[in-house]
Amino acid sequence: MAKEYGAAERLLIINPGATSTKFAVYDGEKIVFKKTVEHSVADTSGFIKVVDQYEYRLRLILKQVAAEGVDIATLKAVVARGGILKPLKGGTYCINQDMVDDLKAAQFGEHASNLGAVMAYGLAETLKIPSYIVDPVSVDEMEPVARISGLPDLPRISLSHALNTKAVARKVANQLGKNYEDMNLIVAHLGTGVSVTPHKKGRMIDVNNAKEEGPFSPDRCGGLPVGQFLKLALSGKYTSGELREKLGNKGGIYAYLGTTDIREAFAMADGGNVEAKLVLDAFCYQVAKEIGAMATVLAGNVEHIILTGGIAHSERITDEIKKRVAFIAPVTVVPGEEELEALAFGALRVLRGQEPAQNYC
C-alpha cells in the first residue's frame, strides 16, 4: 500500500524575483496555498544591494503565511530557488553558511534569486529545521568537449533555466512511464531568455547560455555576429553600459518591434506588419535550429522534445517550432514555469530518501 504524506512533510517554498516574491506552502505534493507579492520600484529603491531586502521580503512572506492560518512551527523544511552560485551538478543542496556567504557577497553574480537561500537559511536556523535549494541556474553538467568556444580566454559557461527544465523533463518521463535518468531528451525553455538543453540519462550535457548564446528572446540578443558586434562596440556610437543594455534588456524582439510581449507582436503581424511576422518566424526558426543542433549532441538518439516556459503558452509559436523539429522526435508542450512545484518536489525526493542531498563546499 502506498504511503500517504501530508502535514508531516510541510514545506515553505520561496522564489524571489526582481519585481516579485513567489512563495507557497506544500503538504507533501499537495499545495496548501501559493502567493505572489509584487514589488514596485518605490518598494525596493531604498535598498542598495539585493541582500539588503532580506528583512523586508521575509517579513512579507511570514505575514502572509500567518494570514493563511499556517503556523511556521509546523514546517519541516524551507526550500528556495538557488541563486547564482559556483558551477554545480544538478540536484537538491543543503543550504549552509558557505552558500549564504557567497550569495550575500554576490560572489558569482548579483540577482534577486540570491535572496532565496539566504531567507530560507535564516528562517530554518531559527526553527531548527533543514533548508534546501534545488537545481540552481548555475547547474553545470556540461561535458568537456562542450566547453570549448574557439578562444581559450572565453570558455563556454553553463547558465540555464535548470530548475524548470529538469522538472518538466522528470514530469514528461513519468508520463511516459520511464525514469528521467534513463532517457535522452531535449528541453527548450522559452521565456525572457531561451535555453535549449540536451539531457542525457539525467544530465544536462550542453546548453546555450541564455544570456549570450543561442536564439534571441523577447529582450535578449542571443548569439550575434562577433565581428560585426566588435566593430559596433569600437565605433564609439554606444557606451559600455548602453551596449550591455542592448544585449540583455533591449535586444531580441524588443529591438525590432519595441515590445517584449509575444501577443502584441502577433497583433502587429496580424495587422499587416511584415517585419513583425518576419521576426516571429525568425524566433521560431532559431529555436528549432538550436534544437536540431542539440540533437547532434545526442548523436540523433533523441527520445522526446519538450517545449516549456511562458512563451510555450502560445500555440502559434509551438506549432511553428513543431513543424521544424517533429522529424527528430515526438514533441510535448509543457507551458509555463512550475518552479514552486519543482522546488517542493526536489526537497521531497531528499526527505523521502529517493536521492541524497548534495553538499555545497
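The values are calculated or read from the model by the stated rules, or taken from the named source; none is laboratory data. Given the structure is predicted, the values throughout are model-derived calculations rather than measurements. All Cβ positions, glycine included, derive from the backbone under ideal geometry; neighbour counts span all protein chains shown. Surface accessibility is based on the protein's heavy atoms, side chains included, excluding ligands, DNA and RNA. Shrake-Rupley method; radii C 1.70, N 1.55, O 1.52, S 1.80 Å.
Based on this model, can you work out whether residue 199 counts as farther than 25 Å from residue 111 by Cα and either of a type in the set (Lys, Arg) or under 17 Å from the mean Cα position of the chain (by Cα) (or both)?
Answer is yes for this residue.
Would you tally the residues in region 302-355 being surrounded by fewer than 19 Cβ atoms within 10 Å (Cβ to Cβ) and in contact with a His (Cβ under 6 Å, 6 or more places away or on another chain)?
Total satisfying the criteria: 2.
Which strands (runs of 3 or more DSSP E) sit wholly inside region 1-74 and have at least 1 residues that are hydroxyl-bearing (Ser, Thr, Tyr)?
The strands (runs of 3 or more DSSP E) meeting that bar are 20-27, 30-38.
In region 199-236, what residues are assigned to a strand (DSSP E or B) and crowded, with 24+ Cβ neighbours inside 10 Å?
199, 204, listed by residue number.
Could you check, for region 186-195, whether at least one of its residues is open to solvent by 40 Å² or more (accessible area, probe 1.4 Å), in contact with a strand residue (DSSP E or B) (Cβ under 8 Å, 6 or more places away or on another chain), within 30 Å of residue 295 (Cα to Cα) and part of a strand (DSSP E or B)?
There is no residue in region 186-195 that is open to solvent by 40 Å² or more (accessible area, probe 1.4 Å), in contact with a strand residue (DSSP E or B) (Cβ under 8 Å, 6 or more places away or on another chain), within 30 Å of residue 295 (Cα to Cα) and part of a strand (DSSP E or B).
Would you point out the residue of region 149-178, among those that are open to solvent by 80 Å² or more (accessible area, probe 1.4 Å) and within 25 Å of residue 87 (Cα to Cα), that is modelled with the lowest pLDDT?
Going through the qualifying residues, I end up with 157.
How many residues, within region 237-265, are closer than 12 Å to residue 276 by Cα, among the polar types (S, T, N, Q) and open to solvent by 80 Å² or more (accessible area, probe 1.4 Å)?
Adding up the residues that qualify gives 0.
Could you tell me which numbered condition residue 159 fails, if it satisfies all but one of (1) closer than 20 Å to residue 199 by Cα; (2) in contact with a strand residue (DSSP E or B) (Cβ under 7 Å, 6 or more places away or on another chain); (3) outside any helix (DSSP H, G or I)?
All conditions pass for residue 159, except number (2).
When you scan region 221-254, how many residues do you find that are aromatic (Phe, Trp, Tyr) and over 22 Å from the mean Cα position of the chain (by Cα)?
Here the count works out to 2.
Quick one: in region 304-361, of everything that is out of contact with any strand residue (DSSP E or B) (no Cβ under 6 Å at 6 or more places or on another chain) and among the small types (Gly, Ala, Ser), which residue is nearest to residue 288 (Cα to Cα)?
Checked region 304-361; the qualifying residue nearest to residue 288 (Cα to Cα) is 326.
Going through region 302-324 one residue at a time, which ones are aliphatic (A, V, I, L, M) and more than 20 Å from the chain's Cα centre (by Cα)?
Once the filter is applied, which keeps residues that are aliphatic (A, V, I, L, M) and more than 20 Å from the chain's Cα centre (by Cα), region 302-324 yields 302, 321.
Is there any pair linking a residue in region 126-139 that is under 10 Å from residue 82 (Cα atoms) to one that is aromatic (Phe, Trp, Tyr), with Cβ under 7 Å and at least six apart or on different chains, and which?
Matching pairs, first to second residue: 132/93; 133/93; 138/108.
Can you name the residue in region 299-317 that is part of a helix (DSSP H, G or I) and in contact (Cβ under 8 Å) with a residue 24 or more places away in the chain and, of all such residues, is nearest to residue 338 (Cα to Cα)?
That would be 310.
Given (1) touching a strand residue (DSSP E or B) at 6+ places or on another chain (Cβ under 7 Å); (2) open to solvent by 30 Å² or more (accessible area, probe 1.4 Å); (3) closer than 18 Å to residue 137 by Cα, identify the lone condition not met by residue 86.
(1)
Among the residues of region 107-145, write down those that are hydrophobic (A, V, I, L, M, F, W, C), more than 20 Å from residue 73 (Cα to Cα) and either open to solvent by 10 Å² or more (accessible area, probe 1.4 Å) or assigned to a loop (DSSP other than H, G, I, E, B) (or both).
Within region 107-145, 108, 112, 137, 142, 145 qualify.
Could you please give the count of residues in region 325-340 that are assigned to a helix (DSSP H, G or I) and under 13 Å from the mean Cα position of the chain (by Cα)?
Within region 325-340, residues that are assigned to a helix (DSSP H, G or I) and under 13 Å from the mean Cα position of the chain (by Cα) number 2.
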